[in-house]
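What follows is a set of notes on a single structure, which appears directly below.
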Amino acid sequence: DAGVIQSPRHEVTEMGQEVTLRCKPISGHDYLFWYRQTMMRGLELLIYFNNNVPIDDSGMPEDRFSAKMPNASFSTLKIQPSEPRDSAVYFCASSLRHNSPLHFGNGTRLTVT
Amino acid sequence: QQQVKQSPQSLIVQKGGISIINCAYENTAFDYFPWYQQFPGKGPALLIAIRPDVSEKKEGRFTISFNKSAKQFSLHIMDSQPGDSATYFCAASIPGAGNMLTFGGGTRLMVKP
C-alpha cells in the first residue's frame, strides 16, 4: 500500500494567488481528514469527510479555505486568495473507520510570500 | 483554548535511558488518547493509544500511563535509542469523534548516542 499521497510536497506562492493542495487517501478508507501544522498553533483539524461527504468543517479558518472530495480517491484543499499567514504544513490523513488508526501523508509545505 | 497541554517542549536523553513525556487534559469527556511520532519531513504516525478503562498499556519499549482522576497521561520510552529521536504528540478525542483529534503542542526528543 502506497499510503496517503499528497501533492505537491512544497508550494511557494505569492499573496493573493490561488493554491490547491491534493490528496489521495488509502484505498478503502472511508474517512479523510485535513490537518494544518504550524509552530504557533500546532496540529489543527480543518475538515473531515466521510464517504466523500464533508461532515465537520468547523476548523476551516475562513471562507478563503474550501475543500472538496469528488470521489473516494481524491480530495483537494483550496485557498483563494492566499495570505502569508496561511504558510504552514498541510496534512491529509485517512482512516478505515472513524475510530481506526489515522494514517497521515507526508504533508505539503506551503509558503505564501 | 488549549485542551491538551504537553510537556516538556524538548527533551534530551542518553541512549538507554527512559524518556517521559506528559500530557494533561481539561475535557473530561475525552475517551481516546493516542500518541503520535513524527520524523522530520514526514507526517505523524500512530505509536500507541489508550482508552480510560485501563491505567496502563505497553507495546514493546513504549508504555502509556493513564491517570483519570488527575486528567493526565504520559508516554514512557524505555531503553531510548537514537532512532527514537523525533517529535511526539499526544492527542485526545471525545466519544464518537474518533479521529477528530485535539493535539498537544509536541515534544521534540533527542536521544544522544
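The rows are residues; the columns are (1) out of contact with any Pro (no Cβ under 9 Å at 6 or more places or on another chain); (2) closer than 22 Å to A:PHE91 by Cβ; (3) buried (at least 19 other Cβ atoms within 10 Å of the Cβ).
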{"site": "B:HIS76", "(1), (2), (3)": "yes, no, no"}
{"site": "B:ASP79", "(1), (2), (3)": "yes, no, no"}
{"site": "B:PHE89", "(1), (2), (3)": "no, yes, yes"}
{"site": "B:ALA97", "(1), (2), (3)": "yes, yes, yes"}
{"site": "B:GLY104", "(1), (2), (3)": "yes, yes, yes"}
{"site": "B:LYS112", "(1), (2), (3)": "no, no, no"}
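Restricted to the stretch B:8-26, and to residues there that are of a type outside the set (D, E, K, R) and exposed (fewer than 14 other Cβ atoms within 10 Å of the Cβ), the residue that is farthest from A:MET39 (Cα to Cα) is B:GLY16. Would you confirm whether any residue within the stretch B:16-26 is part of a loop (DSSP other than H, G, I, E, B), touching a strand residue (DSSP E or B) at 6+ places or on another chain (Cβ under 7 Å) and within 14 Å of chain A (Cβ to nearest Cβ)? The answer is no, given that none of the residues of the stretch B:16-26 is part of a loop (DSSP other than H, G, I, E, B), touching a strand residue (DSSP E or B) at 6+ places or on another chain (Cβ under 7 Å) and within 14 Å of chain A (Cβ to nearest Cβ).
Would it be correct to say that B:LYS57 is part of a strand (DSSP E or B), within 14 Å of chain A (Cβ to nearest Cβ) and charged (D, E, K, R)? Show your work before the answer.
Details: part of a strand (DSSP E or B): yes; within 14 Å of chain A (Cβ to nearest Cβ): no; charged (D, E, K, R): yes.
Judged against the criteria, B:LYS57 is not a match.
Looking only at the stretch B:46-57, decide whether some residue is surrounded by 13 or more Cβ atoms within 10 Å (Cβ to Cβ), at negative phi and among the polar types (S, T, N, Q). Scanning the stretch B:46-57, I find no residue that is surrounded by 13 or more Cβ atoms within 10 Å (Cβ to Cβ), at negative phi and among the polar types (S, T, N, Q), so the answer is no.
Annotation: of all residues in the stretch A:86-113 being surrounded by fewer than 19 Cβ atoms within 10 Å (Cβ to Cβ) and facing chain B (nearest Cβ under 7 Å), the one that is farthest from A:PHE49 (Cα to Cα) is A:ASN106.
Within the stretch B:79-103, residues that are over 30 Å from B:GLY16 (Cβ atoms) have Cβ atoms under 6 Å from residues that are charged (D, E, K, R) and in a loop (DSSP other than H, G, I, E, B) in these pairs: B:PRO95/B:ASP31, counting only partners at least 6 apart in sequence or on another chain.
Laboratory data are not the source of any read-out in this text; all were calculated from the coordinates shown. Note that the coordinates shown come from a computational prediction; the quantities given were computed from them, not determined experimentally. Glycine gets a Cβ as well: all are built from the backbone with ideal geometry, and neighbour counts include every protein chain shown.
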